[in-house]
1. Sort through Tyr92, Tyr97, Tyr76 and tell me the only one that's outside any helix (DSSP H, G or I) and of a type in the set (Ser, Thr, Tyr).
2. When you go through (1) modelled with pLDDT of 95 or more; (2) exposed (fewer than 14 other Cβ atoms within 10 Å of the Cβ); (3) not charged (D, E, K, R) one by one for Ser176, which number turns out not to apply?
3. Can you work out which of the residues in segment 55-73 that are in a helix (DSSP H, G or I) and among the hydrophobic types (A, V, I, L, M, F, W, C) is farthest from Asp36 (Cα to Cα)?
4. Determine which member of the set Lys100, Lys57 is of a type in the set (Lys, Arg) and loosely packed, with under 12 Cβ neighbours inside 10 Å.
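The values are calculated or read from the model by the stated rules, or taken from the named source; none is laboratory data. A quick note: this is a predicted structure, and the numbers were derived from the prediction, not measured. As a convention, Cβ positions derive from the backbone with ideal geometry for all residues, glycine included, and neighbour counts pool all protein chains shown.
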Amino acid sequence: MLKKPEANEYALYYQNYVNLVPDGDLLEILHGQIKDTINLVKDLNDEQARFRYAPEKWTIKEVIGHITDTERIMAYRLLCISRGETAMLPGYDDNEYVKKGSFNRFSIQELLEQLSIVRQGTTALLKSLGEEDLMRHGNANGTEVTVRAIAYIMAGHELHHRNLIKDRYMGAKAFSLGDGN
C-alpha cells in the first residue's frame with residue numbers, strides 16, 4: 001500500500017492536493033474517486049457542461065479535459081522518474097493546454113471516457129512499480145519530487161477540481177438557470 005509522501009518529497013505548491021487525499025489504499029482511492037467524478041458530471045446536458053461560473057474561467061468540459069491532460073503529464077513524469085530518469089522534466093502551461101485542447105467540441109461522455117481510460121493506465125502503471133521505484137526522486141518543472149508524491153498529487157488534483165465543479169459551478173445560481181456562457 002502506498003503511504004502518503006512526506007512534505008520534503010514534493011514542492012510546497014502541491015501540499016493542498018496531497019492533503020486532500022484521504023488515508024487508505026491509494027489504488028482503491030484512485031479507482032473510487034474517478035467513479036465519483038464521472039457520476040458527478042455524466043448526466044449534464046451540453047449547456048450545463050459548457051457552463052462557466054465567471055468570465056474567463058474554464059467550462060466544466062474544459063475542467064475535465066484539464067484533469068485528463070494533467071494526469072497524462074503526471075503519469076509520464078511518474079514513469080520517467082520511476083525508471084531512473086535524471087533529466088529535468090518540463091513544466092507546462094495548463095491554460096494553453098486547455099485552449100489548444102478544444103474540449104468544448106467533445107461531448108461530456110467522450111471526455112469522461114478519455115479520463116477513465118487515462119486513469120486505468122495510471123493505476124496499471126502504479127501497480128507495476130515496486131517500493132524502490134515509488135521512492136525514486138526526480139526533477140519535474142524545476143522541483144524535486146518522488147514517484148509516490150506524484151501519485152498523490154494526481155489524486156489530489158482530481159479531488160481539487162471535483163470540489164470546484166461541485167462548489168463553484170454546480171453551486172452557482174446561474175448554473176441551474178443555464179446562464180453561464
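1. Numbers: Tyr97 fails: outside any helix (DSSP H, G or I); Tyr76 fails: outside any helix (DSSP H, G or I).
Unique residue meeting the criteria: Tyr92.
2. Ser176 satisfies every listed condition except (1).
3. Pass one, segment 55-73, residues in a helix (DSSP H, G or I): 60-73.
Going one step further and asking which of them are among the hydrophobic types (A, V, I, L, M, F, W, C), we end up with 60, 63-64, 67, 73.
Numbers: Ile60: 15, Val63: 15, Ile64: 13, Ile67: 14, Ile73: 22 Å.
Applying the filter and picking the extreme gives Ile73.
4. Working: Lys57 fails: loosely packed, with under 12 Cβ neighbours inside 10 Å.
Lys100 is the lone residue from the list that is of a type in the set (Lys, Arg) and loosely packed, with under 12 Cβ neighbours inside 10 Å.
For (1) outside any strand (DSSP E or B); (2) of a type in the set (Ser, Thr, Tyr); (3) free of Cβ contacts under 8 Å to residues at least 12 places away in the same chain, each residue gets a yes or a no:
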position	(1), (2), (3)
Leu129	yes, no, no
Glu132	yes, no, yes
Gly138	no, no, no
Arg148	yes, no, no
Ala151	yes, no, no
Met154	yes, no, no
Leu159	yes, no, no
Gly171	yes, no, yes
Ser176	yes, yes, yes
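Residue by residue, here is whether (1) in contact (Cβ under 8 Å) with a residue 12 or more places away in the chain; (2) buried (at least 20 other Cβ atoms within 10 Å of the Cβ) holds:
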residue: Tyr10; (1), (2): yes, yes
residue: Asp25; (1), (2): yes, no
residue: Ile38; (1), (2): yes, no
residue: Asp43; (1), (2): no, no
